[in-house]
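For reference, the structure is listed below as structure tokens.
Just so it is clear, none of the values below were taken in a lab; they were calculated from the coordinates. Treat the numbers as computed from the prediction; the structure is a model and nothing was measured. Every residue, glycine among them, receives a Cβ derived from its backbone with ideal geometry; neighbour counts consider all protein chains shown.
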Amino acid sequence: MHLTRISGPAAVVLVAAVVLAGAPAGGAAAAGPSHSHVHYSDGEPRNARLSIPSIGIHRLKVVAYRGKTDDAPGTRIQNRGIAASSHGPHGGTGPGGIGNYQVAAHRTSHGGIFRRTPSLDRHDKVFVDSGRWRYVYRIIKTRWVSFRSAESLRKQRAAVPGKPWKEPTRGFVTVTTCATPEDHARGNFWTDRFGNPEHRIDKIGILVKRTDRPPRHGG
């Protein structure tokens, strides 16, 4: 095959043609999934309201506290029949922040407000209202957590759920509640000093968008 050396402006035109020929339609180079369109919060801990329409939860109060999931302060909040969200060195981020927004509530006691949480399916929506914003998460997977395993707890509380070694670049939510009925059905009646059973069921979602918080009924 005979090759002809090309230099000057003609070479620039030829290189540009080769690059465009290898790009997908529309002239853009191939790239991985992008989430640059998602608007995140500053991650500051704030009280919020949680709605999960698919399981009948509407504007449930979520109280932010410094600690870790299901510790003594968190349990006291949950015992009021509302949800608790931990933050700090062993907790998570605030509503809409990059990292892991962790929300826990009771399933079998104190109103059992998370009794239907284990039935959440992939793609179900979780809405978190904080200030003027509504943060919309989409459920992507389920994790089981053992309170008798330090490694399992680290994975639950990690900024990227299940991956404590990874730096977060997106917003996640972990909606967590006890697996008491499942543990008891297997003959496992272990509890910690706060009454938590060995296992918890986590529904993990990813932040997909931020919108204006809808007005409350009656204004």
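Confirm whether Arg210 is farther than 21 Å from Leu153 by Cα and outside any loop (DSSP other than H, G, I, E, B).
Values: farther than 21 Å from Leu153 by Cα: yes; outside any loop (DSSP other than H, G, I, E, B): yes.
Yes: the conditions hold for Arg210.
Exactly one of these conditions fails for Thr174: (1) out of contact with any Gly (no Cβ under 9 Å at 6 or more places or on another chain); (2) part of a strand (DSSP E or B); (3) polar (S, T, N, Q). Give me its number.
With respect to (1) out of contact with any Gly (no Cβ under 9 Å at 6 or more places or on another chain); (2) part of a strand (DSSP E or B); (3) polar (S, T, N, Q), Thr174 is out only on (1).
Do you know which residues across the stretch 154-169 are crowded, with 16+ Cβ neighbours inside 10 Å and part of a loop (DSSP other than H, G, I, E, B)? Outline the logic, then answer.
Step one: of the stretch 154-169, the residues crowded, with 16+ Cβ neighbours inside 10 Å are 155-162, 168.
If the condition is that a residue be crowded, with 16+ Cβ neighbours inside 10 Å and part of a loop (DSSP other than H, G, I, E, B), then Ala158, Ala159, Val160, Pro161, Gly162, Pro168 are the ones that fit.
Counting just the residues of the stretch 91-121 that are of a type in the set (A, V, I, L, M, F, W, C) and assigned to a loop (DSSP other than H, G, I, E, B), which one comes out farthest from Gly56 (Cα to Cα)?
For the stretch 91-121, the residue satisfying everything is Ile98.
Determine whether Ser149 is of a type outside the set (Val, Ile, Thr) and closer than 13 Å to Arg200 by Cα.
Here the answer is yes, as Ser149 does meet what is asked.
Within the stretch 72-90, can you find the residues that are surrounded by fewer than 18 Cβ atoms within 10 Å (Cβ to Cβ) and either outside any helix (DSSP H, G or I) or touching an Asp or Glu at 6+ places or on another chain (Cβ under 8 Å) (or both)?
Within the stretch 72-90, Asn79, Arg80, Gly81, Gly88, Pro89, His90 qualify.
Here are some residues: Glu182, Glu151, Glu198. Which one is farther than 30 Å from His39 by Cβ and buried (at least 18 other Cβ atoms within 10 Å of the Cβ)?
Glu198
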